[in-house]
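Visitor: Before I ask anything, here is the structure I am working with.
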Amino acid sequence: MGFWKKKQPLSTPDLLHDLDLLAKAEAQIAKFYARCGEIDSGDRDFWLQLADNENQHHDLIRRMSQLVTFNPNQYRPGNDIKPGAIRLFRMQVTDLIGQISAETSHRQLLEHAAQLENSAAGLGLEELIATTDEEFKRLAQAVADESAKHRNTIEKKLATLNAI
């Protein structure tokens with residue numbers, strides 16, 4: 001009988017903790033892109049733009065945390081995100097930053113970036129919290145939309161390289 005336990009809802013501190021982990025993940029991705037910009041001088045502006053976008057995502061998620069803090073009754077858990085998965089993702093990004101070097105090709109950097117963006121999409125920020133708060137939903141959608149643009153741009157760059 002104990003096998004099927006009812007899932008306990010996340011509390012406001014749990015939601016805030018998950019948002020904090022996601023914000024830190026965005027900051028870590030920004031560091032990866034900044035490092036790519038240092039390595040890949042031929043496409044430096046592209047990488048630095050991605051890094052800037054990721055820092056903006058970090059700030060948007062911080063704003064989302066403020067909204068939850070100010071009006072916690074307007075928010076309830078959506079799809080469950082495992083904090084361990086976010087921590088593992090951040091560790092993978094950190095490891096990747098340490099692995100890339102001046103010898104890492106443009107193609108390899110793009111392949112790593114595509115992998116990171118796809119993994120980040122799997123974390124599901126826009127599904128983490130259910131709310132009627134329009135500002136929160138707008139911020140979550142902005143992060144999701146920008147991340148989708150990143151994935152598309154990176155995939156197009158890879159497709160162009162593959163066509164050569």
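A short reminder: the numbers here are calculations on the coordinates, not readings from a lab. All of these numbers come straight from a predicted model, not from anything done at the bench. Ideal geometry is used to build each Cβ from the backbone, glycine not excepted, and the neighbour counts take in all protein chains shown.
Visitor: How large is ³J(HN,Hα), in whole Hz, for each residue of the stretch 40-48 in order, when computed from phi with the Karplus curve 6.51 cos²θ - 1.76 cosθ + 1.60 and θ = phi - 60°, using x for Gly and Pro?
Guide: These are the phi-based 3J(HN,Hα) values: 9, 5, x, 10, 3, 4, 4, 5, 5 Hz.
Visitor: How are the Cα pair distances of the chain distributed, in percent, across 10 Å bins from 0?
Guide: Whole-percent P(r) values from 0 Å outward: 10, 37, 29, 16, 6, 1, 0.
Visitor: Under the Karplus relation 6.51 cos²θ - 1.76 cosθ + 1.60, θ = phi - 60°, what is the ordered set of whole-Hz ³J(HN,Hα) values for the stretch 147-162, x standing for Gly and Pro?
Guide: Listing the rounded values in order: 5, 5, 4, 4, 4, 5, 4, 5, 5, 5, 4, 5, 4, 4, 5, 5 Hz.
Visitor: At a 10 angstrom cut-off on C-beta neighbours, averaged per residue, how do the peptides 137-147, 119-129, 98-108 rank from highest to lowest?
Guide: Per-residue Cβ counts within 10 Å, averaged per peptide and sorted highest first, yield 119-129, 137-147, 98-108.
Visitor: Tabulate in residue order the Karplus-calculated ³J(HN,Hα) for the stretch 130-138, using 6.51 cos²θ - 1.76 cosθ + 1.60 with θ = phi - 60°, rounded to whole Hz; enter x for Gly and Pro.
Guide: 3J(HN,Hα) across the stretch 130-138, in whole Hz: 9, 7, 9, 5, 5, 5, 4, 5, 5.
Visitor: So what's the net charge close to residue 24: Lys and Arg +1, Asp and Glu -1, counting the other residues with Cβ under 12 Å from its Cβ?
Guide: Result for the neighbourhood of residue 24: 0.
Visitor: While we're on this one: Using a Förster distance of 25 Å, how high is the FRET efficiency between residue 101 and residue 69, based on the Cβ-Cβ distance and rounded to 0.05?
Guide: Working: r = 41 Å, r/R0 = 1.64.
After rounding, the FRET efficiency stands at 0.05.
Visitor: Still on this structure, please answer the following. Kindly express, to the nearest 10 degrees and within the range 0 to 90, the angle between helix 83-99's C-alpha long axis and the longest C-alpha principal axis of the chain.
Guide: Approximately 20 degrees, to the nearest 10.
Visitor: Just from its helices, what would the mean residue ellipticity at 222 nm be for the chain, if runs of 4 or more DSSP H residues each count -39500 (n - 2.57) and the sum is divided by every residue, rounded to the nearest 500 deg cm²/dmol? Show your work: numbers first, answer last.
Guide: Details: 6 runs with 122 residues, N = 164.
It comes out at -25500 deg cm²/dmol, rounded to the nearest 500.
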